[in-house]
Amino acid sequence: MVEWRVPLFDPDITADDEAAVLRPLRDKWLTMGEATREFESAFAEHVNVKHAFAVSSCTAALHLSVLALDLEPGDEVLVPSLTFCGCANVIRAAGATPVFVDIASKNDWTLSPDDLKAKLTPRSKAFMAVHYAGFACQTDALMSIAESHGMALIEDCAHALFTRVSSRACGTNGAAGCFSFFTNKNMSTGEGGMFVTNDDELAEKVRLLRSHGMSTLTLDRHQGRAVSYDVLRTGLNYRIDEMRARLGLSQLKRLEANLEKRRAVYRAYLERLNGIEGFTIPFSGRKIDEVGIHIFPVALDSGINRAAFIQAMKERGIQTSIHYPAVHLFSAYADFREAACPLTEDIASREVTLPFYPHMSAADLNTVIEALRESLRIAGE
Ligand SMILES: *Cc1c(COP(=O)(O)O)cnc(C)c1O
């Protein structure tokens, strides 16, 4: 393993988290029990939503969202190309067709409402919006498109734990909100996710789909509330376990404090990068008081060689990443290569993500900035 001087992310795991994980092991009830219920209701309270289902990943939550919409082959789901591949993968896994939509601008890397409208067809059934880096999409515009065209809005909130717009949490604007607790996310259970909705009907479908479509749970049978079950829909196993639910509850307690730290690190970055040339920072001009910032992305100027920059940073012990390669240019999406997403293709070719985590120190920041200055010079030659 490479010893990074400054890693891309560094999970915040405490002694409380360790103790939390041990509890279900000692109680010997390992899946879908009290911890899961507590986690779901605490999470629902935090985002102020009616229903929350803890699941095995955000990808599972996204898959459940499209499955619960009862799509048919040929139905189209619009999705950004500047996102994690899981968004488009689940659309295809559900038998529908992804339609790739561009980002709004070189500063706003979220779904373009104009391009979304331009790509609607009579087969459009739903669309996904990703709150990139934690910055909210153009929510009002997207909600009104969803409403006027009778389409479901699925919010991918993997980066947006918790972003609020006028005190309203991302994930509660459309039909469904999907969150991730993967290792590098704003809170982590290793693998894990949450599906949220205010729609009672969608909630009932997801409840079934998450657990094989079965009418009763193992816990109900264990507690003597039920002896048998029926299978009401063809479902999957997308459940979380009690160890992860306890870890999630423990992490949730520190989340708001961690988000405050993330915002402080973000502000320090902006201040320290001010005046350095060779790149731009997206979402400039946005207020960040209610943004649950997840990553620190920049777009290198076109005169900077990205591969050389990343290599120079690596040689200085700084880990970077790319969010994201354009999904419509992946091999598995060869049929979609002609999707018109020029802004996405441009940004995807120049984006680099810098190290970012809540407990990043001033010394860590200095190390990154110094390496960045040198790497820009080397990669610009
Ligand atoms: C991480 C991520 C996902 C997938 O989350 P998992 O919990 O790993 O399945 C989906 N969308 C976005 C934007 C992500 O960053």
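Rule-based calculations on the coordinates, nothing more; no lab input. Just so you know, these numbers come straight off a predicted model, no measurement behind them. Backbone-built Cβ (ideal geometry, glycine too); neighbour counts: all protein chains shown.
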- Message: Being touching a helix residue (DSSP H, G or I) at 6+ places or on another chain (Cβ under 7 Å) and among the polar types (S, T, N, Q) is the filter here; which residues of segment 352-381 pass it?
- Response: S375
- Item | Test set (1) away from the ligand (no atom under 16 Å from the Cβ); (2) surrounded by 14 or more Cβ atoms within 10 Å (Cβ to Cβ); (3) among the β-branched types (V, I, T) - V55 fails condition number | (1)
- Message: Yes or no: segment 321-330 includes at least one residue that is within 17 Å of V368 (Cα to Cα) and assigned to a loop (DSSP other than H, G, I, E, B).
- Response: yes
- Query: Could you count how many residues in segment 1-50 are in contact (Cβ under 8 Å) with a residue 24 or more places away in the chain, within 19 Å of G177 (Cβ to Cβ) and not hydroxyl-bearing (S, T, Y)?
  - Reply: 10
- Task: Residue by residue through segment 146-164, note down the ones that are buried (at least 19 other Cβ atoms within 10 Å of the Cβ) and more than 17 Å from the chain's Cα centre (by Cα).
- Result: A146, M151, A152
- Message: Could you tell me how many of the residues in segment 58-90 are more than 10 Å from the ligand (Cβ to nearest atom) and aromatic (F, W, Y)?
- Response: 0
- Note on the structure: Of those in segment 306-315 that are crowded, with 16+ Cβ neighbours inside 10 Å and under 14 Å from L8 (Cβ atoms), the residue nearest to the ligand (Cβ to nearest atom) is I310
- Message: Take the conditions closer than 19 Å to L219 by Cβ, assigned to a loop (DSSP other than H, G, I, E, B) and more than 16 Å from the ligand (Cβ to nearest atom) and apply them to W4. Does it pass?
- Response: no
- Confirm whether A88 is among the small types (G, A, S), under 30 Å from K261 (Cα atoms) and either surrounded by 17 or more Cβ atoms within 10 Å (Cβ to Cβ) or in contact with a His (Cβ under 8 Å, 6 or more places away or on another chain) (or both). no
- Task: Scan segment 220-262 residue by residue and report those that are assigned to a helix (DSSP H, G or I) and polar (S, T, N, Q).
- Result: S250, Q251, N258
- Name the strands (runs of 3 or more DSSP E) wholly inside segment 12-103 in which the number of residues that are more than 22 Å from G192 (Cβ to Cβ) and out of contact with any Ser or Thr (no Cβ under 9 Å at 6 or more places or on another chain) is 1 or more. 76-80, 97-101
- Filter result (more than 16 Å from the ligand (Cβ to nearest atom) and either among the polar types (S, T, N, Q) or outside any loop (DSSP other than H, G, I, E, B) (or both)) within segment 174-204: T197, N198, D200, E201, L202, A203, E204
- Task: Mind listing whichever residues of segment 125-158 are away from the ligand (no atom under 13 Å from the Cβ), in a strand (DSSP E or B), within 15 Å of P80 (Cβ to Cβ) and not aliphatic (A, V, I, L, M)?
- Result: F127
